[in-house]
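Heads up, the thing below is written out as structure tokens.
The values are calculated or read from the model by the stated rules, or taken from the named source; none is laboratory data. This is a predicted model, so every value here is computed, not measured. Counting neighbours? That spans all protein chains shown, and the Cβs are built from the backbone with ideal geometry, glycine included. In case anyone asks, the SASA skips ligands and DNA or RNA and just uses the protein heavy atoms, side chains included. Shrake-Rupley method; radii C 1.70, N 1.55, O 1.52, S 1.80 Å.
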Amino acid sequence: MATSDTRSETPGGKHRRGPRWRAFVAFVVTWAFLVSTLTGIVLYVVPEGRVAYWTDWMLLGLSKTGWGDVHILLGLVFIVSGVIHLVYNWKPFKGYLADRAKGHLHLRGELVGSVALTVALVAGAIGHWPPLGWIFDLNDAVKAAWITAPEYEPPFGHAEEATLEVLARRSFIDPARARETLRAAGVDLLGPRASFGEIAHRNGTTPMALFMRIAPLAEPPPPPADYTPESVEERFTGTGVGRKSVAALCAETGTEPALALERLRGAGIEATPEDTTRTLADRHGLQPVQVLQVMLIGPGILEEQ
């Protein structure tokens, strides 16, 4: 009978055991599973990407991207080694799949039950059905808990990838004053095409800390009456609008809460000051930024889109 072990004759007449591939694959599956489990837990609790990259979040010397890379690679190793492991153990696995009785093939109840459970889990994940939906709610809460101060939020999504010129303009800061302020603080601005993140890293700091040097230069945002759908989308997309409440956004934009709620009601959106735009958007099939557009411009904006 053939086995996965190989033996060879040595000059002294002794048998030397060759590599035990089945055991090797089993160990690879185990280690890949354990590492993937660890990285999966870390990625479950890390801050949102816009916050992680803005603050240069690290854990055990690895950034969010580093943990993601390890997770992807070991996940791939787990899949490949799992397939090989299945090939090595195909005969007993077939026995788990079905019983043969009187020449007929009968699917095992365990197989049917496991398939039904998997389908139910996939459907629950897609539909966010309780209690499975609570897992995703907890994930959102854990990620939001990292934002302990307003400066942890970048002015817009992936602001660290923008140049200083673009970042300043989108933050209502005069680019010339921003450059002057940073140079006075001894910051090497590299070149006009360097990203804000590159400037921060070259100077041994984080994009958030560097931005805090020029944040006081920001001019007041335009009054609500001057907002357009385009300006709302440009300014607020990627800034975590979805997790902010109606009251918080009213304070941020200088909008009267009563007026914002009235505009939402005019669009058929019943809301309270404590509701987040994500909650309202999901309830009415909209995007959070669309809810904000209604708050700042009026209910008619939805009819124009």
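Number of residues in the stretch 246-270 that are within 27 Å of the chain's Cα centre (by Cα) and open to solvent by less than 30 Å² (accessible area, probe 1.4 Å): the value is 4. Evaluating Gln293 against the criteria (1) in a helix (DSSP H, G or I); (2) in contact with a Pro (Cβ under 6 Å, 6 or more places away or on another chain); (3) open to solvent by 40 Å² or more (accessible area, probe 1.4 Å) leaves one unmet condition, (3).
Thr277 passes every criterion in (1) buried (at least 20 other Cβ atoms within 10 Å of the Cβ); (2) farther than 27 Å from Arg169 by Cβ apart from (2).
Has the stretch 262-269 got any residue that is in a loop (DSSP other than H, G, I, E, B), under 24 Å from Asp140 (Cα atoms) and at pLDDT 90 or above? Yes, because at least one residue in the stretch 262-269 is in a loop (DSSP other than H, G, I, E, B), under 24 Å from Asp140 (Cα atoms) and at pLDDT 90 or above. Taken together, the residues in the stretch 215-245 that are in contact with a Ser or Thr (Cβ under 7 Å, 6 or more places away or on another chain), among the hydrophobic types (A, V, I, L, M, F, W, C), in a helix (DSSP H, G or I) and more than 15 Å from Tyr152 (Cα to Cα) amount to 1.
Within the stretch 141-160, not a single residue is farther than 30 Å from Val42 by Cα and either outside any helix (DSSP H, G or I) or open to solvent by less than 30 Å² (accessible area, probe 1.4 Å) (or both).
In the stretch 183-198 there is at least one residue that is open to solvent by 70 Å² or more (accessible area, probe 1.4 Å), more than 30 Å from Leu249 (Cα to Cα) and among the small types (Gly, Ala, Ser). Of all residues in the stretch 43-67, those that are more than 21 Å from Ala149 (Cα to Cα) have Cβ atoms under 8 Å from Cβ atoms of residues that are crowded, with 19+ Cβ neighbours inside 10 Å and basic (Lys, Arg), 6 or more apart or on another chain, in Leu43/Lys64. The listed residues are Met208, Met212, and the only one of them that is part of a helix (DSSP H, G or I), surrounded by fewer than 19 Cβ atoms within 10 Å (Cβ to Cβ), modelled with pLDDT of 90 or more and under 29 Å from the mean Cα position of the chain (by Cα) turns out to be Met212. Here Glu180 qualifies as within 23 Å of Ala215 (Cβ to Cβ) and open to solvent by 80 Å² or more (accessible area, probe 1.4 Å).
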